[in-house]
Amino acid sequence: MSLDAGPLPAANLEDHAERVIRAYDAGQLQALPPVRLLYRLACLERIVHCNRIDVAKAYAEGAGAAYSPGAAPTLLTLLQALPADFAGAPGDGFVDAADSDVQIVSGAPGAPMLVVVCGNAHRFGADLNLMHCWLRRLHVNLVYLRDFRRLFYLCGVRSVGDYGETVSALRRIAADLGASRIACIGNSGGAYGALRLGLDLGAEAVAALSGPTSLHRLAPKLRAIAESQGVALPEEEIERSSLPDLYAAARGRTPLVRLVYGAESHLDRAHAMAMGRLPGVALMEIPGWKNHAVLGPLVALGLFDRLLRWAIGGSHARADQMGASPSPK
């Protein structure tokens with residue numbers, strides 16, 4: 001029987017995740033009976049959501065054996081790439097509050113502020129508990145954002161206010177944290193938000209992973225989503241949603257930008273190319289990659305850490321070789 005065969009008993013996932021955690025804590029993880037691969041992956045998601053990254057890393061080893069390098073799901077790639085020295089839960093007390101659209105983790109005084117803009121699934125390619133294991137190593141101030149309305153942050157962050165109020169709130173947060181500079185990083189639907197917020201915040205750098213650079217074609221869908229939620233979506237926000245136009249109009253007073261996309265993901269590539277000719281914008285193309293999700297291959301290629309450190313690197317990032325090459329070869 002295939003490991004992927006059969007339905008996933010979702011009702012039992014939480015019980016199984018707790019059983020795995022207990023077995024790990026008792027040193028008996030290897031004694032657990034095997035389960036189907038997709039069920040193991042779903043269980044891993046639950047364990048990560050419980051912020052037991054150490055358990056998830058250990059339990060991922062059995063699932064990872066079924067995949068060739070570079071073809072593993074993003075979750076497995078992230079877990080298997082975690083060095084042992086930070087495989088456990090973060091030591092700064094962060095636990096993702098899935099119902100919060102603004103979460104702040106203070107770093108060292110005077111450190112940069114990195115605004116992490118989640119996509120429409122309210123994640124950054126993976127559960128924020130797992131992503132925080134990567135991001136906390138930067139020793140910066142972190143601000144995690146979610147747009148529960150799924151309107152690409154055009155109407156701002158719900159708990160804060162409209163778009164203008166969200167920008168003002170982020171400026172106040174940066175001032176309160178004593179941040180030396182601001183950088184943004186966004187994934188999928190959050191890539192647009194990161195680019196737009198980065199421009200209006202005066203960020204020094206923005207990294208955008210596989211996201212739209214214009215929302216014109218999505219306008220009917222966005223209007224319908226806004227109407228279903230009783231949200232007033234300003235028409236002028238849609239009309240001026242072309243990021244290439246907004247960045248060009250800023251006449252160089254723009255962040256440094258890195259746009260990451262799969263070379264064979266034609267829509268993502270087209271959106272990136274629309275901005276690629278602007279000053280300060282560089283394209284990072286993943287050769288041969290067809291999928292919208294690029295976090296996994298970035299990690300597998302060893303480029304994700306480099307991208308993060310470029311983003312927070314300040315003005316010296318202009319000389320970083322990452323920005324000089326259109327693709328990670």
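The values are calculated or read from the model by the stated rules, or taken from the named source; none is laboratory data. All values derive from a computational prediction rather than experimental measurement. Positions of Cβ are generated from backbone atoms using ideal geometry, with glycine treated the same way; all protein chains shown enter the neighbour counts.
A few remarks follow.
- Tally of residues being farther than 16 Å from His132 by Cα and in contact with a helix residue (DSSP H, G or I) (Cβ under 7 Å, 6 or more places away or on another chain) across the range 33-45: 6
- A search for C-beta distances below 9 Å between a residue of the range 160-172 that is in the same structural domain as Arg150 (by TED's automatic domain parsing) and any residue that is part of a helix (DSSP H, G or I) and among the β-branched types (Val, Ile, Thr), counting only pairs 6+ apart in sequence or on different chains, returns Val160/Thr166.
- Candidate set: the range 208-258, residues that are touching a Phe, Trp or Tyr at 6+ places or on another chain (Cβ under 7 Å) and among the small types (Gly, Ala, Ser); chosen: the one farthest from Leu154 (Cα to Cα): Ser210
- Where helices (runs of 4 or more DSSP H) fall wholly inside the range 5-93, the ranges with 1 or more residues that are within 23 Å of Asn187 (Cβ to Cβ), of a type outside the set (Ser, Thr, Tyr) and at pLDDT 85 or above are 37-49, 53-64, 74-81.
- Test: residue in the range 167-175 that is of a type in the set (Ser, Thr, Tyr) and at positive phi: no
- Single condition Lys221 does not satisfy, out of (1) in a loop (DSSP other than H, G, I, E, B); (2) more than 20 Å from Ile185 (Cα to Cα): (1)
- Flag if Val231 is β-branched (Val, Ile, Thr), in the same structural domain as Leu195 (by TED's automatic domain parsing), over 17 Å from Ala203 (Cα atoms) and outside any strand (DSSP E or B): yes
- Of the residues contained in the range 229-243, none is found to be among the aliphatic types (A, V, I, L, M), surrounded by 14 or more Cβ atoms within 10 Å (Cβ to Cβ) and without any contact (Cβ under 8 Å) to a residue 24 or more places away in the chain.
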